[in-house]
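Asks: Mind looking over this structure? Questions follow.
The values are calculated or read from the model by the stated rules, or taken from the named source; none is laboratory data. Only a predicted model underlies this, so the values are computations on that prediction, with no experimental measurement involved. Positions of Cβ are backbone-derived with ideal geometry, glycine not excepted, and every protein chain shown enters the neighbour counts. Accessible surface is based on the protein model in full, side chains and every heavy atom, while ligands, DNA and RNA are left aside. Shrake-Rupley method; radii C 1.70, N 1.55, O 1.52, S 1.80 Å.
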Amino acid sequence: MLFGYEWDLSSPLAFAVSILPILLIGMWVTIQAAVLGFLVALVLGLLFAVLKSAPSRWVSWPAAVVTEFIRDTPLLVQLFFLYYVLPEYGVVLPAFMTGALALGIQYSAYTSEVYRAGLEAVSRDQHEAARALNLSAVRTFTHIVVPQAVPRIVPAMGNYLVSIMKDVPVLSVVTVLEMLNVAKIVGDRTFSYLIPLSLVGGLYLIMTLVASAGVRLLDAWLPKQGIPLK
Amino acid sequence: MSDNTDPIITFDQVVKRFGDLTVLDKLDFEVKRGEKVTIIGPSGSGKSTVLRILMTLEGIDGGVVTVGGEPLWHEQGPEGLRPASEAHLRKMRSRLGMVFQQFNLFPHMTVLRNITEAPVKVLGLSKVEARTRAEELLELVGLADQAQKYPHQLSGGQQQRVGIARALAMRPDVLLFDEPTSALDPELVGEVLNVIGQLAEEHDLTMLLVTHEMRFAREVSDRVCFFDQGRIREQGTPEQLFTDPREQRTREFLAAVLDA
């Protein structure tokens, strides 16, 4: 029994049906961790992108070093660091929060590059035209640069959303009951791994396909008229 | 143009460097109100830099530039001139408009929106006023029926005419043309030059043009300046400069471009 659901080992089908609600609870945790981590990556990545393109080297250089460091160290190391080291200094977060944060930090290093590439793809000519017309810096950013950068950014961001979903099982090592962890517990207790793990694979496929379709819909909906995309 | 009007643009001993390269070498230059001046010269002679400095796209490393009698890159402080603040540059910039070689239209905006964006957001016109103004200007450049199109749906020549309308919509005192036909296919050059020529004839707008179209420069200008190595090597009426250049360097340049 897990989460109040009993499993039925009378037949493979009955087993699968009986543990599906348990796995769905785990899947919900997976989705929450992925979405929360993705949101952290979107916000933190934008911050890093802005810092990296700052005119002052005293700002851009440390930002570049930090993102490079994040990118070049394993997610698991960062996760352990947040989970085991921070409490030594009095920062105690729930396992789920720690995990989502670790995912967000890791992926912010990638998303910052996506932002930077997207913003830089808007040519200097566009900035000059806006300046010649006396548009303010804010107006130029929000109405000239961002509308041209977003359609370039969305597809790449979508890939990272899918990727982050697939990295959520790493959080099982710090006791987060995400889908894979739940399936493993079911396997440990029933000595039957084939069906729970196969179901995890199937549910993952559904999840990532839905996420990809969502990104494609968003991409199709974005106004792209006239914007030269590669 | 009469000689007794005050100059609207002056360059006084202006120096501009890019690294070790001196692009403008103590340049002295004046344009009178309403005057149509063409700048010609070999590439790298600093022609476009003059326009880019006026449009505040490039700063200067020495000397003083004035527009409408006020310093452009400086403002009056308690102890003489000091470098201009962004607020001062914004005020000065409103006197100038620029037409770019690559048009630089906003690709995600319709033709109409390209022309109305700045009048609404910078000049504070109502959308209706801006639209009316834009429609008049589109009429002027012969694109009245293209308002709802996006730049990529237009030919290069049409895009450049939108670029001209967009600059005019800000009602500048001076319009700068930076090689407006250099990026166009040869068969599209004429329609753009016609519009510029018509503007020059019918409006008292001050126009400063950098171009390689020598015949056009001859027709449209009050004065032609030959730039070489960051200075004006020779200037005069088109008639004088094109038929009877005094300087050997001018003669060589004209021979080279007119043969081509």
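Asks: Inspect the stretch B:81-88 for any residue being within 21 Å of the chain's Cα centre (by Cα), over 30 Å from A:Lys224 (Cβ atoms) and within 14 Å of chain A (Cβ to nearest Cβ) and give the result as yes or no.
Replies: Yes, the stretch B:81-88 has at least one match.
Asks: Answer yes or no as to whether B:Glu70 is within 14 Å of chain A (Cβ to nearest Cβ) and of a type in the set (Asp, Glu).
Replies: no
Asks: Still on this structure, I have one more. When both residues are 6+ apart or on different chains and their Cβ atoms are under 7 Å apart, which pairs have a first residue that lies in the stretch A:128-141 and is facing another protein chain (nearest Cβ under 7 Å), and a second that is among the hydroxyl-bearing types (Ser, Thr, Tyr) and open to solvent by 10 Å² or more (accessible area, probe 1.4 Å)?
Replies: A:Asn134/B:Ser94
Asks: Let me ask another. Go through the stretch B:206-230 and count every residue that is under 16 Å from B:Ala255 (Cα atoms) and either charged (D, E, K, R) or touching a His at 6+ places or on another chain (Cβ under 8 Å) (or both).
Replies: Result for the stretch B:206-230: 4.
Asks: Which condition number does A:Leu93 fail, the rest of (1) outside any loop (DSSP other than H, G, I, E, B); (2) open to solvent by 40 Å² or more (accessible area, probe 1.4 Å); (3) free of Cβ contacts under 8 Å to residues at least 24 places away in the same chain; (4) away from every other protein chain (no Cβ under 14 Å) being met?
Replies: The failed condition is (1).
Asks: Given the conditions (1) over 27 Å from A:Gln225 (Cα atoms); (2) of a type in the set (S, T, N, Q); (3) open to solvent by 50 Å² or more (accessible area, probe 1.4 Å); (4) more than 10 Å from chain A (Cβ to nearest Cβ), and given that B:Gln148 satisfies all but one, which numbered condition is not satisfied?
Replies: The single condition B:Gln148 does not satisfy is (1).
Asks: Which residues, taken from the stretch A:145-166, are within 8 Å of chain B (Cβ to nearest Cβ) and either under 30 Å from A:Met27 (Cα atoms) or at pLDDT 95 or above (or both)?
Replies: none
Okay, residues lined up against (1) more than 25 Å from A:Ser108 (Cα to Cα); (2) of a type outside the set (Phe, Trp, Tyr); (3) open to solvent by less than 30 Å² (accessible area, probe 1.4 Å); (4) out of contact with any Leu (no Cβ under 9 Å at 6 or more places or on another chain):
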site: A:Val150; (1), (2), (3), (4): no, yes, no, no
site: A:Met157; (1), (2), (3), (4): no, yes, yes, no
site: A:Lys166; (1), (2), (3), (4): no, yes, no, yes
site: A:Leu171; (1), (2), (3), (4): no, yes, yes, no
site: A:Val182; (1), (2), (3), (4): yes, yes, yes, no
site: A:Asp188; (1), (2), (3), (4): yes, yes, no, yes
site: A:Met207; (1), (2), (3), (4): no, yes, yes, yes
site: A:Val210; (1), (2), (3), (4): no, yes, no, yes
